[in-house]
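The values are calculated or read from the model by the stated rules, or taken from the named source; none is laboratory data. All values reported here derive from a predicted model rather than from experimental measurement. Cβ: placed from backbone, ideal geometry, glycine included. Neighbour counts: every protein chain shown.
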Amino acid sequence: MATMTTQGNTPGPVANSLGRRVILTLVATVSIIFIVFSAVIGGYYHAGREAQLQRQLDQVIRLAEISLPEAVWKLDRRSMADILRAILANDAVVFVRVEVEGRVVAKQSKEGLGDKDLEHFSDTGAYLQGSAVIRRDLVEVGRLQLIMSKKAIYDELQLTTVAIVGLFFLLILTILCTCLPILRHSFFKPLAVLERAARLIAEGHLETKIDIESRDEIGSLASTLRIMTRRLREYFENLEQNVRERTAELSEATRAAEETNRNLALIGAELEALLDNSPVGIVFADTRGVIKRASREMETITGYTPEELIGNSGSMLYATAGGYKKMAEKILPLLRKQGRAEAQAALQRKDGGEVLCRLHGRVVAAAAGGLEGVVWSVEDITTRVRMENELLKSKKQESISILAGGIAHDFNNILFAVIGNISLAERQVKEAGPLSEHLRIAREAAVRAKELTNRLIEFAGGAKPVKATVSLTELVRDTASLVLPADGPVRAVFTVSPDLWSVSMDKEQISQVIMALVKNGAEAMPAGGVLAISLGNVELVEDQEVGLMPGRYVKITLADQGRGIAAHHLDKIFDPYFSTRERGSDKGSGLGLAIVHSIINKHEGKITVESELGHGTTFTLYLPAEASSPGRAGGQAAILPAGHGMVLAMISAADTDQLAEMLHHIGFTLRAVADREGLVRACGEAQRQGESVAAIIAEIAGDDVGEATALLTLLRTVDARVPVLLSCGDAESELFHNHAAHGFAGAVLRPYRLLDVNRLMAAYKSR
């Protein structure tokens, strides 16, 4: 091996990198000191100049307080303008204005700013704001608002900053020119020699010589590197001999290992193919219940991937530890005795849902497959069991319907004769007395019995739905409004999809369904509450839990905040004569939900119920959407249920009749006035007489914010509770677009449209 001597004058990569770090550290240290120094000087200078500007502002304000009172008192706009121009003569002043009673009576700004208002100068970092109260004889006559620019301060600070930065760069250059030659000779050059030697040794040149002799740390490092190189030569000479001896031994072991790996890979591939292609889930678990293997079908059944299952206990597939323990206590004795077991269990999916499965377990001995534990086959039977239950329930209800229908028809014929004869007997009783009272009670009881038989006949079969395309949204809203009075304790809140699909249905039957469900929700909230009704679109696929054919459906939900239904009653809620309420003439017959279920089935739909005691009940309806429905169902823009109350309006005479007709169409009355004073007077009279004022509509000409503000102030002094709505003729006006910011509860454009007026008044229909 040739001897290499490391000498050289060119610094290596390490020396270059270290040199850059030393230089950067030096520069960074000087920079930090310079930045701190500059910041202190700049801050002191900026604070002094800003204090000077503030004093200047105070002087201008004092001058204005002396010169402006007389002109403001007389509203002499020319004098005010001359005084404001004099104030603007100050180079720092860029904007000044005078307000009287909230209105701007005079303002001036620097040339080039245009017609800017106070809001333009809201950036307090660039401007200094000041204000003063203008008084005449100790009476406030107006307010002065003044803006001064800090631009001069920033310009001076910028020049100072440029000078300091130049000085900084000069300092850095001086330091580098002084320190670099010293560092290069004393530090970087010897370090480069050591770096080159270390690189040659790392490449295998162990005969490399290091020609550095010094008494400092670098000389000590060179001596240590020479000792290390000598010991490495000795180590590699011994290592070469050992490698030759071990190579022959490893060659034979490698051939045996390769053969074993090929056999294991073949067995593993066969096992993986068996697991991945199994139509049921396969799980291998040890004697402690820890999952060691799982097939891909388990992900379809439980939502857990095989990787998520492996290494975890089988208890993770159960909702509670108690459920897992109960299943283990049932199965383990059979496994110990027979070596196999079979059970049915509800497993919990990863998404929180439940899946009903049939489990088949078989004990696997260690000698059979190298695994001691149990192999389980897991079959999802949720759909099959649900379909069996649905079929059983349908057959049960069909049988009950046939029986109830036959009895009801016969009983109805008898009731006709009973009611007829009671009526004849009542005619023959001339005088009021105990007999006539008994006949009346008997007749009323027979009539109620006849109504019950009619409901039984309806449940048993009723008429076949006469389907037609109607506005489902309008039908639901109208039906709910019939059941829930506007002033009642229960109110309905609607959420409707804007592109609701069309539905072909029997209007009367579906109205009966909605009426029954709304009535149930209202009766569940005797103390009052909110009945949330929503209509939306949903596309069902084959794996849906609803149990309907795949396709497009309109989904209707009715959720109350009532007392709820016990879990053990939910499976019976649609059974005939089942009711959670007391039986009686005014408590229901128990047929309402059974008839609802029957009607929905005839429409090829589905009704489901979810409930929790103390938290309310939710009924969900699915109705098939028309196949040809392009999207929005007809009638989505229908008029909402009518409101009530009086509307006060300050509008032009030409619009009075039109607006009155529109308001009358949605349930309101109109009282029109000609001016602001008449509106305030009418509002006060209504308050004194106890009349219900739903809203006030005020017509504001143009974009007069001042007029709008003055009107709102007057109305709030009379009755602050009544909402004030803006009537505007310009859709592009600032007042119309920002009506809420100016205090209006809503806004409508002229000429009036029924749809716009309806939407505007929708929030006040219950006032």
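Residues being basic (Lys, Arg) and out of contact with any Cys (no Cβ under 9 Å at 6 or more places or on another chain) are entirely absent from region 736-752.
Looking at Gly281, Gly204, Gly219, just one residue is modelled with pLDDT of 75 or more, surrounded by 10 or more Cβ atoms within 10 Å (Cβ to Cβ) and not acidic (Asp, Glu), and that residue is Gly281. If we scan region 108-119, do we find a residue that is in a strand (DSSP E or B) and at pLDDT 70 or above? Yes: one or more hits.
With respect to being on the phi > 0 side of the Ramachandran plot, of a type outside the set (S, T, N, Q) and surrounded by fewer than 16 Cβ atoms within 10 Å (Cβ to Cβ), Glu101 fits the description. Restricted to region 650-767, the set of helices (runs of 4 or more DSSP H) holding at least 2 residues that are under 23 Å from Gly102 (Cβ atoms) comprises 676-688, 705-718, 734-737. Taking (1) within 30 Å of Glu707 (Cα to Cα); (2) aliphatic (A, V, I, L, M); (3) touching a residue at least 24 places away in the same chain (Cβ under 8 Å) in turn, Ala71 satisfies each apart from (3). Selection over region 528-544 of residues that are touching a residue at least 60 places away in the same chain (Cβ under 8 Å) and either β-branched (Val, Ile, Thr) or in a loop (DSSP other than H, G, I, E, B) (or both) gives a count of 1.
There is at least one residue in region 50-63 that is surrounded by fewer than 16 Cβ atoms within 10 Å (Cβ to Cβ), free of Cβ contacts under 8 Å to residues at least 60 places away in the same chain and among the small types (Gly, Ala, Ser).
Any idea which residue in region 138-163 is farthest from Asp76 (Cα to Cα), counting only those that are buried (at least 18 other Cβ atoms within 10 Å of the Cβ) and among the small types (Gly, Ala, Ser)? In this case the residue turns out to be Ser149. Does Leu714 meet the test of being surrounded by 13 or more Cβ atoms within 10 Å (Cβ to Cβ), of a type in the set (A, V, I, L, M) and within 36 Å of the chain's Cα centre (by Cα)? Against the criterion (surrounded by 13 or more Cβ atoms within 10 Å (Cβ to Cβ), of a type in the set (A, V, I, L, M) and within 36 Å of the chain's Cα centre (by Cα)), Leu714 does not qualify.
In this structure, does Gly268 turn out to be assigned to a helix (DSSP H, G or I), surrounded by 14 or more Cβ atoms within 10 Å (Cβ to Cβ) and at pLDDT below 85? Answer is no for this residue.
Here Ile212 passes the criteria (1) surrounded by fewer than 16 Cβ atoms within 10 Å (Cβ to Cβ); (2) in a loop (DSSP other than H, G, I, E, B); (3) touching a helix residue (DSSP H, G or I) at 6+ places or on another chain (Cβ under 9 Å) except the one numbered (1). Looking at this structure, is Gly564 in a loop (DSSP other than H, G, I, E, B) and in contact (Cβ under 8 Å) with a residue 12 or more places away in the chain? Against the criterion (in a loop (DSSP other than H, G, I, E, B) and in contact (Cβ under 8 Å) with a residue 12 or more places away in the chain), Gly564 qualifies.
What residue, among those in region 546-564 that are touching an Asp or Glu at 6+ places or on another chain (Cβ under 7 Å) and surrounded by fewer than 17 Cβ atoms within 10 Å (Cβ to Cβ), is nearest to Ile533 (Cα to Cα)? If we take residues in region 546-564 being touching an Asp or Glu at 6+ places or on another chain (Cβ under 7 Å) and surrounded by fewer than 17 Cβ atoms within 10 Å (Cβ to Cβ), then Arg552 is nearest to Ile533 (Cα to Cα).
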